[in-house]
Structures are given as C-alpha cells and as structure tokens.
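The values are calculated or read from the model by the stated rules, or taken from the named source; none is laboratory data. Predicted, not measured: the structure shown is a model, and the values here were computed from it. Positions of Cβ are backbone-derived with ideal geometry, glycine not excepted, and every protein chain shown enters the neighbour counts. Heads up: the accessible areas ignore ligands, DNA and RNA and are worked out on the full protein's heavy atoms, side chains in. Shrake-Rupley method; radii C 1.70, N 1.55, O 1.52, S 1.80 Å.
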Amino acid sequence: DHIVAAIRVAKQNGLNVVPAGGRHGAFVAIDSKTALVELREFKAIDLDKANGTVRVGAGVLTGELLKLLIEEGYYTTLPNSNAVSIIGGILGGGNTAQNGLHGFMVDNVVSFRVITAGGQTVEVSASSSGDELALFNALCGVGHGLGVVTAATMKVYPVSSLRLTDNKVWSRLLMFPPPALDAAVDAFLSFDQVASPLTLTIMFVRSPPGTPAAGSPIILIAATYYGPAEEAEKAAAKLFDEAVVSKAFKADTIMVPLPGINNGMEPNNALGGFKAMNSARLKQLTPETIKQSFAKWVEVTTEAPDAAR
C-alpha cells in the first residue's frame, strides 16, 4: 500500500520513481525530481525444495541469499558482490560466474511480483498471457524502470550436483606487470573453447595502498571453476603453462569455500565516491582491442586517480 501511495504522489508531482534495493546502481541519478522507494524491509526468503525454487524479496542482498541457500544445500545464479540486491541483479540481466552452467540470472527467473505504474499488483511469468506476458519478457530483457518489483522466484540447484572438492570453488589467479601485457592477452584469448563450469576474466587494477609499487597498473587473469579441482586444472591448463607463468609476478591456485566466494570483492562494496560500471556484449575480442583498452585505462586512471575504482 505504501508503494502504491508513493506512485500516486510521484504522478501528481511529476517525479521519477526509483526503487532502491541494494543501493549499488551506480547509473541511477537521485535528485529533486526523484521519488526514492526504499525496499530494504522486503527481506523474505522462501526456499521451496520440492519445486526447486526460491522466492526472494526486493530487499534481499546477494550475501544473504547465498548464505541461506548454501546452508540448505542449494545455490542459484548470483552476482559476485554480497552487497548487490538480488532483484537489482536480475533486472540488470544478471551476469554471473555460473553463466556457463545455467545462463544469466534472467534465464533462471520463474516469476516476478510487480506493482505497475497504474498501482496494480501483478504476478507475471513465462506462463502469463497478453500484457502480463509482455511485461515478464520485458523485465527479463529491458530490466529497470518498468515497475516496482517487490519479489522474484528463481530456480535453485543442489550444491551436490557441482561435485565440488571439499565444498570449495577452484580458483586460479595470475598477475602481470605492464611489460607482460602481450603474454597476458595471448593467454586470455587462447581459450577459444571454455568449459561450462569455467569462468575466465581479464581485469586491469591498480596495486592497492600498502603494497610494493602501490598505484602501479596490474593485469589480472582470474579463473573460477564450479566443479571438481581435478577437472578444473585440465580445463584451465593453459594458465599453468610455464611460458605464461614465467611472465607473471604472482600465480596462485586457491580453493575458496562456497559461502565465501564473494568475500574478495568486499572493498568494492563501499558506498560513495566515484564508482561506475558498464557492460557490453561483444561478438569478438581481438588482442589489439584489449591492448588499446589497457592503454586508455592507464591514461584515464593516471589523469584521474579517483577513477581507479
């Protein structure tokens, strides 16, 4: 009822309604023309083991759902930050480390509970019809701005199906200095076929304060594998090649407990200051593209050090 009233007030005063869950939508502007609708009290989580689903309220954060599901022996497609709201992640498409296994978060949504701009509350799903089916499809494709989503039902999967070694996720991390950029790029692009449980990422970061050569550019290659460690080492064998490892100043293989898989991202969860994220789907990546991106990133973060986040 409060949300319906807020929508009515927003209409009367020409305000944009912005629902806030995890408060990490860096692209959302809040100003005097905004009606900010706080959803943090919508904390309900209802796991339905019989049907293989979980019902999540709009105030539930990734870390909260991750912990509860793991305790019950289940998992679902989740963002890599404990502070991101589940609903916000879904409406953004939901890029996760489980993409290869289950697709994006939107591919795992069963239904949404939505309060529309007209103040009606509807439950929409793939089995809906007419305008409600169109709304469900739009939420899974366009995402934000189409209504206030107060809950979503998602598919869940047994942790046992992953066959994890000691209930831990295999992870491999290589760090390269700028002179080894060519080697890092070649290693990353050498994975023309990636096994479904494997997620491979190349990132540029600045060495944090308190470390040797603080502020220096670093190229990271990170791999995670949601399956047995023995299979992981075969799938990521190129990251153990001596020709690649010799160019890195650090190469580690670690086993991360499943409940703590997102803990390494905690420093990025701070609110305030400059922080932005943009995504694009690329059909192809070339070595030149990555190298040019690295050069531009170094230039920008040198000119504006606060942009290093």
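When residues of segment 126-145 are filtered for being within 27 Å of ARG8 (Cβ to Cβ) and either of a type in the set (Lys, Arg) or in contact with a strand residue (DSSP E or B) (Cβ under 8 Å, 6 or more places away or on another chain) (or both), how many remain?
So the answer is 5.
Within segment 30-107, which helices (runs of 4 or more DSSP H) (wholly inside it) include 1 or more residues that are surrounded by fewer than 22 Cβ atoms within 10 Å (Cβ to Cβ)?
62-71, 99-102
Quick one: VAL244 ticks every box in (1) out of contact with any Lys or Arg (no Cβ under 8 Å at 6 or more places or on another chain); (2) surrounded by 16 or more Cβ atoms within 10 Å (Cβ to Cβ); (3) over 24 Å from ASN95 (Cβ atoms) bar one, so which box is it?
Single failed check for VAL244: (1).
Residues being crowded, with 19+ Cβ neighbours inside 10 Å, small (Gly, Ala, Ser) and in a strand (DSSP E or B): count how many of those fall in segment 195-228.
1
Among the residues of segment 281-299, which ones are surrounded by fewer than 13 Cβ atoms within 10 Å (Cβ to Cβ) and either of a type in the set (Asp, Glu) or not in a helix (DSSP H, G or I) (or both)?
Scanning segment 281-299 gives ARG281, LEU282, LYS283, GLN284, THR286, GLU288, GLU299.
Can you tell me which residue in segment 9-29 is farthest from LEU65 (Cα to Cα), limited to those that are surrounded by 12 or more Cβ atoms within 10 Å (Cβ to Cβ) and not hydrophobic (A, V, I, L, M, F, W, C)?
Per the stated criteria, the residue is LYS11.
In segment 300-309, which residues are surrounded by fewer than 13 Cβ atoms within 10 Å (Cβ to Cβ), assigned to a helix (DSSP H, G or I) and at pLDDT below 90?
Hits for segment 300-309 are PRO305, ASP306.
Only residues in segment 67-94 that are of a type in the set (Asp, Glu) count as the first member; pair them with residues that are at pLDDT 95 or above and open to solvent by 30 Å² or more (accessible area, probe 1.4 Å), Cβ under 9 angstrom, at least 6 apart or cross-chain, and list the lot.
The qualifying pairs are GLU72/LEU47; GLU72/LYS49.
Restricting to segment 139-194, count the residues that are loosely packed, with under 15 Cβ neighbours inside 10 Å, without any contact (Cβ under 8 Å) to a residue 40 or more places away in the chain and assigned to a loop (DSSP other than H, G, I, E, B).
5
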